[in-house]
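Let me begin by presenting the structure, written as structure tokens, before commenting on it.
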Amino acid sequence: MHRFAHITDCHLGAWRNIKLRELNLKAFEEAISICIDEHVDFIVITGDFFDLNIPDLAPVKRAVEILREAKKNGIEIYMIYGSHDFTASTVSIIDILHSAGLFIKPVEFEQVEDKIKLKFFKDVKTVVKITGLSGRKTGLDAEYYSMLDMDALESEEGFKIFLF
């Protein structure tokens with residue numbers, strides 16, 4: 001059986017109070033440490049990783065160090081962004097960290113007429129198939145969800161995980 005961890009709504013950088021901000025980062029660091037100690041195969045992070053789409057850089061630096069530790073220990077990370085990470089007008093920090101190779105963003109799709117067909121990403125270690133839709137502001141994610149080609153999702157062979 002596959003072992004994976006699901007982390008969501010970290011909201012790193014959310015607290016103005018320095019002690020609360022530090023505790024927030026420590027909690028994330030501890031979660032990743034547990035994943036390493038428990039030898040999970042992969043981690044999925046489902047949105048609102050940061051509290052803002054362009055956050056203060058101090059929490060970003062710490063998050064990068066923590067994510068790199070998981071990768072160094074052979075744990076792949078799959079991340080989608082939530083409404084706090086999303087921006088319609090610019091590049092999100094999530095996009096930058098994805099480009100740096102810290103995690104895989106399994107949100108590719110093709111649209112055929114009024115249907116969205118999601119691409120599955122196969123985890124190399126487990127062959128689990130992972131796909132999803134990132135969160136958006138103003139209900140755009142609900143609109144995309146209503147357009148999903150559910151038959152294609154359900155007919156996909158193998159063990160699969162849908163992130164939303």
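Among the residues of the stretch 69-83, are any polar (S, T, N, Q), out of contact with any His (no Cβ under 9 Å at 6 or more places or on another chain) and modelled with pLDDT of 95 or more? Checked the stretch 69-83: no residue is polar (S, T, N, Q), out of contact with any His (no Cβ under 9 Å at 6 or more places or on another chain) and modelled with pLDDT of 95 or more.
Within the stretch 1-51, which residues are under 15 Å from Ile66 (Cβ atoms) and hydroxyl-bearing (Ser, Thr, Tyr)? Once the filter is applied, which keeps residues that are under 15 Å from Ile66 (Cβ atoms) and hydroxyl-bearing (Ser, Thr, Tyr), the stretch 1-51 yields only Ser33. Is one or more of the residues making up the stretch 44-66 at pLDDT 95 or above, open to solvent by 30 Å² or more (accessible area, probe 1.4 Å) and in contact with a helix residue (DSSP H, G or I) (Cβ under 6 Å, 6 or more places away or on another chain)? Yes, the stretch 44-66 contains at least one residue that is at pLDDT 95 or above, open to solvent by 30 Å² or more (accessible area, probe 1.4 Å) and in contact with a helix residue (DSSP H, G or I) (Cβ under 6 Å, 6 or more places away or on another chain).
Contact annotation: residue pairs with Cβ atoms under 8 Å, 6 or more positions apart or on different chains, pairing a residue in the stretch 78-107 that is surrounded by fewer than 18 Cβ atoms within 10 Å (Cβ to Cβ) with a partner that is polar (S, T, N, Q) and modelled with pLDDT under 90, are Thr87/Asn53; Thr90/Asn53. When the stretch 137-155 is filtered for residues that are closer than 26 Å to Phe49 by Cβ and open to solvent by 50 Å² or more (accessible area, probe 1.4 Å), the ones remaining, listed by number, are Lys137, Thr138, Leu140, Ala142, Glu143, Tyr144, Tyr145, Ser146. Is the stretch 121-131 home to any residue that is closer than 26 Å to Pro55 by Cβ, open to solvent by 90 Å² or more (accessible area, probe 1.4 Å) and not hydrophobic (A, V, I, L, M, F, W, C)? No, the conditions are met nowhere in the stretch 121-131.
Would it be correct to say that Tyr144 is within 16 Å of Thr8 (Cβ to Cβ) and either modelled with pLDDT under 95 or in contact with a Cys (Cβ under 9 Å, 6 or more places away or on another chain) (or both)? No.
Scanning the stretch 1-36 for residues that are in contact (Cβ under 8 Å) with a residue 40 or more places away in the chain, under 18 Å from Tyr81 (Cβ atoms) and either basic (Lys, Arg) or in a strand (DSSP E or B) (or both) returns His6, Leu12. When only residues in the stretch 29-43 that are among the β-branched types (Val, Ile, Thr) and open to solvent by less than 10 Å² (accessible area, probe 1.4 Å) count, which is nearest to Phe4 (Cα to Cα)? Once the filter is applied, the top-ranked residue is Ile43. Please list, ordered by first then second residue, the pairs with beta carbon atoms under 7 Å, 6 or more apart or interchain, first in the stretch 152-163 and under 18 Å from Met1 (Cα atoms), second exposed (fewer than 14 other Cβ atoms within 10 Å of the Cβ) and aliphatic (A, V, I, L, M). Final answer for the pair search is Gly158/Val127.
The values are calculated or read from the model by the stated rules, or taken from the named source; none is laboratory data. No experiment lies behind these values; they were computed from the predicted model shown. A quick note on method: Cβ atoms are made from the backbone with ideal geometry, for glycine too, and the neighbour counts reach across all protein chains shown. Ligands, DNA and RNA are excluded from the accessible area calculation, which covers all protein heavy atoms including side chains. Shrake-Rupley method; radii C 1.70, N 1.55, O 1.52, S 1.80 Å.
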